[in-house]
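Enquirer: Shown below is the structure under consideration.
The values are calculated or read from the model by the stated rules, or taken from the named source; none is laboratory data. It should be emphasised that the depicted structure is a prediction, and the values quoted were computed from it without experimental measurement. Positions of Cβ are generated from backbone atoms using ideal geometry, with glycine treated the same way; all protein chains shown enter the neighbour counts. Note: areas computed on protein heavy atoms with side chains; ligands, DNA, RNA excluded. Shrake-Rupley method; radii C 1.70, N 1.55, O 1.52, S 1.80 Å.
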Amino acid sequence: MITTTKPINELLKEWQEQRLITSLDRHFALQLAQLHQESAPLFTLICALVSQYLSSQHTCLPLKQIDTDNPFKEQISQCRIDLNVEELEDALLQFDAIGSVDDAELKPLIIDKGNLYLQRYFSYETQVAEHLNRLAFAPIDSSLANQAELNDASKLLNQLFPANEQQYDWQKIATATAMTKKLAVITGGPGTGKTTTVTKLLYLLCSRQEMTIRLVAPTGKAAARLSESIKASKLRLADEMSQLGVVGIDKNIAKIPEEAATLHRLLGVIPNSHQFRHHKDNPLRLDLLVVDEASMVDLPMMHKVLSALPEHARLILLGDQDQLASVEAGAVLADICAGLKQVNKRTKQSRWQMHYSQAQAELLSQLTSTSLAEFISPNPKIGDSLCMLMHSHRFQGDAGIGQLATAVNHANLPRIAEVWQSGYQELLWIEHAANTSHGSSSFDNKGLDSLLEQSVEQYGVYLAAMSQGEIDADKIIDSFNQYRILCAMRAGEYGVEGINQSVTTALAARGLIQPEQEFYAGRPIIIQSNDYNLGLFNGDIGLILPDCSSQSGRLMAHFIQADGSLLKVLPARLPSHETCYAMTVHKSQGSEFSHVSLVLPIKPSVAQQQLLTKELVYTAITRAKHHFTCLGSQRVFEQASRSLTQRASGLAQRLWRD
């Protein structure tokens with residue numbers, strides 16, 4: 001069934017040495033073959049492929065995606081599968097360790113709809129689909145069937161969302177959607193008003209009934225940002241409602257929660273365990289759960305959240321479906337929104353189109369006084385629960401950052417070049433410029449020098465405040481968070497490790513820091529592992545500063561927590577961490593900075609090219625509020641902008657086609 005130049009065990013070792021697979025992939029395949037006494041090379045090969053796909057954040061291995069002539073993409077193939085897709089599926093089902101959904105006995109590997117899963121991930125995917133479909137099709141507010149109640153709700157919506165020039169007020173439609181459904185997925189790019197929309201929605205719901213509401217996000221930083229945004233939105237809403245003369249404002253706005261927690265804290269961490277306190281047999285105590293930055297939530301975590309929801313609860317997911325998917329396996333938000341994407345076959349350009357049932361379109365039309373007839377679909381599936389915000393309030397029509405983000409998101413290379421050449425003051429391109437005047441063996445990147453000059457200027461602000469005696473740690477941290485360097489990868493001169501070292505050297509040369517010791521005043525750090533006892537989580541960022549509450553002024557790590565409070569930790573007690581003048585684009589999700597600099601490699605390797613995607617560049621650009629800089633080359637930037645992240649998954653099919 002397969003042809004190899006060497007025994008499969010030897011090939012696995014070679015593939016590991018060539019970094020085509022990991023040691024985990026190899027040992028998983030060998031252990032499973034040994035455990036089930038399978039000597040067939042095909043079984044071992046397929047197990048290694050499944051593990052490799054999971055390591056690459058896919059939730060399954062689509063059999064049709066296997067390159068049968070070169071399964072592991074070697075330079076010179078040493079292995080070939082001598083079967084077509086149908087024959088391969090039939091052959092795999094002959095192994096005792098591989099089963100189908102019709103088998104009474106659970107097996108380690110499952111084939112379903114042409115995809116091969118680890119049994120655990122098959123369970124995650126099918127159960128997440130079942131939960132989402134149940135929520136999407138569950139009846140929610142029977143009172144809206146009453147015309148008087150419907151009129152009252154429509155009147156309140158009109159107060160919250162006054163008429164404007166837009167043909168469709170998607171914020172208003174999204175709010176009405178969440179009123180009528182147990183599941184509401186509100187997506188959109190930066191500045192489209194997701195937090196404003198959910199604040200007005202919570203105000204509307206709180207004015208109609210008593211509810212226990214929880215706000216959560218995947219990371220501490222994202223939770224802190226959500227809290228800040230909700231507080232600001234509540235103040236704006238109170239002012240708007242006061243101007244309209246609405247009574248009972250303060251009481252209803254006060255009911256809207258402000259404090260957001262991480263998903264881990266919501267579910268209840270059990271020390272030294274992968275289990276949580278809340279699960280299907282001990283559900284959460286809430287009526288409504290709002291999850292922000294949902295694109296960062298991986299498939300296993302989404303399964304845990306949905307399993308812990310009580311039967312009566314509503315769920316609202318907020319996020320940008322075009323951002324990077326979760327670090328772990330799956331792309332849940334993208335799969336949920338997949339049915340809304342329409343691709344022009346001629347231009348290959350994509351656009352989003354709402355899909356509503358006739359009944360839902362009519363109900364939303366009555367609530368919002370807007371005809372949605374053009375969005376009626378004969379088979380909308382979960383489309384009735386989705387709403388995409390289209391209008392950006394942060395990036396107006398002529399804003400360079402918004403124009404660049406849109407061009408990258410559409411993979412429109414001519415438009416990308418046009419935006420960079422338009423002279424926008426908020427955009428700065430730094431070309432990787434080699435200076436080889438000292439001979440061919442010398443390489444001095446003037447582009448990197450320019451970036452370091454910028455970083456010294458930007459980071460010098462918070463370091464100067466610290467050295468001049470500023471004692472308010474919150475203000476120093478806020479100043480530090482105005483600027484950030486984002487890297488596409490971790491390793492290498494232009495990765496996080498190399499850039500952090502270069503910035504440290506540049507700041508030290510100017511006398512702004514004294515990095516002789518590991519923990520020096522002003523050193524930014526990013527946590528790399530969870531410590532539930534300290535309340536620090538992977539991705540949390542803090543500063544090493546003198547402790548002003550101590551007479552000795554000893555150095556402590558200072559962190560702003562999700563509730564806005566300041567956490568101080570002795571450096572010796574910190575979990576795994578590293579310096580954070582630069583961080584990966586992945587780790588920046590859920591954050592915003594006034595000025596962002598993106599660093600791209602000069603000559604990316606094959607492995608690095610796989611990391612350079614449209615979603616990565618788009619995410620980096622949209623972290624910036626006022627200024628965006630890119631150190632790179634046109635070729636690499638454009639290659640990344642047309643490279644689309646595709647994660648193998650069956651979730652979209654279970655939500656939109658089954």
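Enquirer: Provide, in order from the shortest bin, the percent of all Cα-Cα pairs of the range 65-146 in each 10 Å bin, continuing until the bin that contains the maximum pair distance.
Expert: Result, from short to long distances: 15, 31, 25, 14, 8, 5, 1 percent.
Enquirer: List every residue whose amide H lies under 5 Å from the amide H of Q321, counting only residues 5 or more places away in sequence or on a different chain, with H placed 1.01 Å from N in the peptide plane.
Expert: Excluding prolines and chain starts, which carry no amide H, the hits are G188.
Enquirer: How large is Rg/Rh for the range 231-385, to two decimals, with Cα atoms and a Kirkwood Rh?
Expert: With Rh from the inverse mean 1/r over Cα pairs, Rg/Rh is 1.03.
Enquirer: Strictly greater than 15 Å: what percent of every Cα pair in the range 178-274 meets that?
Expert: When all Cα pairs of the range 178-274 are counted, 66 percent exceed 15 Å.
Enquirer: By how many nm would the segment from E105 to S605 lengthen if fully extended, with 0.36 nm per residue of separation less the alpha-carbon distance?
Expert: 175.6 nm
Enquirer: Any number yet on Rg/Rh for the range 7-104, C-alpha, Kirkwood?
Expert: On the way: Rg = 13.0 Å, Rh = 13.9 Å.
Checking Rg against Rh, the ratio lands at 0.94.
Enquirer: How large is ³J(HN,Hα), in whole Hz, for each residue of the range 631-643 in order, when computed from phi with the Karplus curve 6.51 cos²θ - 1.76 cosθ + 1.60 and θ = phi - 60°, using x for Gly and Pro?
Expert: With coefficients 6.51, -1.76 and 1.60, one gets 9, x, 10, 4, 4, 5, 4, 6, 4, 5, 5, 9, 9 Hz.
Enquirer: Taking all pairs of distinct Cα atoms, average 1/r, flip it, and tell me the Kirkwood hydrodynamic radius of the range 143-191 in Å to one decimal place.
Expert: 12.1 Å
Enquirer: Residue separation times 0.36 nm, minus the C-alpha to C-alpha distance between K255 and A40: what's the value? Don't skip to the end; give the middle numbers.
Expert: Details: separation 215, 0.36 × 215 = 77.40 nm, distance 6.28 nm.
Separation in residues times 0.36 nm, less the Cα-Cα distance, equals 71.1 nm.
Enquirer: How much length, in nm to one decimal, is gained on full extension between N9 and L235, taken as 0.36 nm per residue of separation minus their Cα-Cα distance?
Expert: Taking 0.36 nm per residue and subtracting the Cα distance, the gain is 74.9 nm.
Enquirer: What is the set of long-range amide H partners of T212 at a cut-off below 5 Å, with H atoms built 1.01 Å from backbone N?
Expert: Correct list: D287, L288.
Enquirer: Extending each Cα 7 Å along its Cβ direction at S422 and R265, get the distance between those two points in nm, one decimal.
Expert: For the pair S422/R265, the computed spacing is 4.0 nm.
Enquirer: While we're looking at this one, here's another question. Using a 1.4 Å probe on the protein heavy atoms only, what accessible surface does Y532 show? Give it in Å² to the nearest 10.
Expert: Only protein atoms counted, so the area is about 80 Å².
Enquirer: Further, regarding this structure: Rounded, prolate or oblate for the range 443-537? Axes are the square roots of the Cα gyration tensor eigenvalues, ordered a ≥ b ≥ c, and the cut-off for rounded is a/c under 1.5.
Expert: The shape class here is oblate.
Enquirer: In whole angstrom, how long is each semi-axis of the equivalent ellipsoid of the range 520-559, when you take the square root of 5 times every eigenvalue of its Cα gyration tensor and sort them from largest down?
Expert: Gyration-tensor ellipsoid for the range 520-559: 21, 12, 6 Å.
Enquirer: Taking the Cα centre of the range 54-116 as origin, sum charge times position over the Cβ atoms of Lys and Arg (+1) and Asp and Glu (-1), and report the length of that vector in debye to the nearest 20. Write out the running numbers ahead of the final one.
Expert: On the way: 5 positive and 13 negative charges, 69 e Å.
Its charge dipole is roughly 340 debye.
Enquirer: Can you list, largest first and rounded to whole Å, the semi-axes you get for the range 471-617 by taking the square root of 5 times each eigenvalue of its Cα gyration tensor?
Expert: Each semi-axis is √(5λ); the values are 28, 17, 14 Å.
Enquirer: Within a Cβ distance under 15 Å of I471, other residues only, what is the Lys/Arg minus Asp/Glu net charge?
Expert: Charge balance in the 15 Å sphere: -2.
Enquirer: Something else about it: Find the accessible area per residue for the chain; the probe is 1.4 Å, ligands and nucleic acids are left out, and the unit is Å².
Expert: With all protein chains present, the chain gives 45 Å² per residue.
Enquirer: For K64, go through the lysines and keep the ones whose alpha-carbon is under 17 Å away, minus same-chain ones fewer than eight residues off.
Expert: K73, K113
Enquirer: For a quick size check, give me the Cα extents of the range 117-214 along its three principal axes, largest first, whole Å.
Expert: 51, 34, 26
Enquirer: Rg and Dmax of the range 563-604 over Cα atoms: what are they, in angstrom?
Expert: 14.6, 43
Enquirer: Any idea what log10 I(q)/I(0) is at q = 0.30 Å⁻¹ for the range 447-487, Debye with uniform C-alpha scatterers and no solvent?
Expert: -1.00
Enquirer: Given R₀ = 45 Å, FRET efficiency for V461-T22 by Cβ-Cβ distance, to 0.05?
Expert: 0.60
Enquirer: Once phi is turned into ³J(HN,Hα) by the Karplus curve 6.51 cos²θ - 1.76 cosθ + 1.60 with θ = phi - 60°, what whole-Hz value does each residue of the range 88-95 show in order, with x for glycine and proline?
Expert: Computed from phi, the couplings for the range 88-95 are 5, 4, 4, 5, 5, 5, 7, 7 Hz.
Enquirer: When the Debye formula is applied to the Cα atoms of the range 535-591, each taken as the same point scatterer, what base-10 log of I(q)/I(0) results at q = 0.18 Å⁻¹?
Expert: Each listed q corresponds, in turn, to -0.68.
Enquirer: Hey, another quick one. Check the straight Cα-Cα distances from K280 and name the lysines below 26 Å, setting aside those fewer than 8 residues away within the same chain.
Expert: The reachable lysines, counting only those whose Cα sits under 26 Å from K280, are K107, K181, K182, K304, K381.
Enquirer: What number do you get for the range 163-217 when its Cα radius of gyration is normalised by 2.2 N^0.38 Å, N = residues?
Expert: Dividing the Cα Rg of the range 163-217 by 2.2 N^0.38 Å gives 1.18.
Enquirer: Could you list which residues have their amide H under 5 Å from that of L386, counting only those 5 or more apart in sequence or on another chain, with H placed in the peptide plane?
Expert: V185
Enquirer: Heavy atoms only, probe 1.4 angstrom, no DNA, RNA or ligands counted: give me E426, E149, E453, E615 ranked by accessible area, highest first. Write down the numbers at each step before the final one.
Expert: Working: E426 45, E149 70, E453 115, E615 20 Å².
The most accessible residue leads, giving E453, E149, E426, E615.
Enquirer: With the full set of protein chains in place, find how many percent of the accessible area of the chain is carbon and sulfur; take the probe as 1.4 Å.
Expert: For the chain, the apolar C and S fraction of the accessible surface comes to 47 percent.
Enquirer: Still on this structure, please answer the following. Label-point separation (nm) for Q31 and S77, each offset 7 Å from Cα along Cα-to-Cβ?
Expert: Spacing of the two 7 Å Cα→Cβ label points: 3.1 nm.
Enquirer: Residue by residue through the range 219-229, which ³J(HN,Hα) values in whole Hz follow from phi under the Karplus form 6.51 cos²θ - 1.76 cosθ + 1.60 (θ = phi - 60°), with glycine and proline marked x?
Expert: 10, x, 5, 5, 5, 5, 5, 4, 4, 4, 5
Enquirer: Tell me what the chain gives for mean residue ellipticity at 222 nm when only DSSP H runs of n ≥ 4 count, each as -39,500 (n - 2.57), the sum divided by the residue total, rounded to 500 deg cm²/dmol. Walk me through the numbers before you get to the answer.
Expert: Details: 24 runs with 261 residues, N = 658.
Rounded to the nearest 500, it is -12000 deg cm²/dmol.
Enquirer: Same structure again: What fraction, in whole percent, of alpha-carbon pairs in the range 534-658 exceed 18 Å separation?
Expert: Tail of P(r) above 18 Å: 66 percent of Cα pairs.
Enquirer: Can you tell me the alpha carbon radius of gyration of the chain divided by the globular rule-of-thumb value 2.2 N^0.38 Å?
Expert: Rounded to two decimals, the normalised Rg is 1.02.
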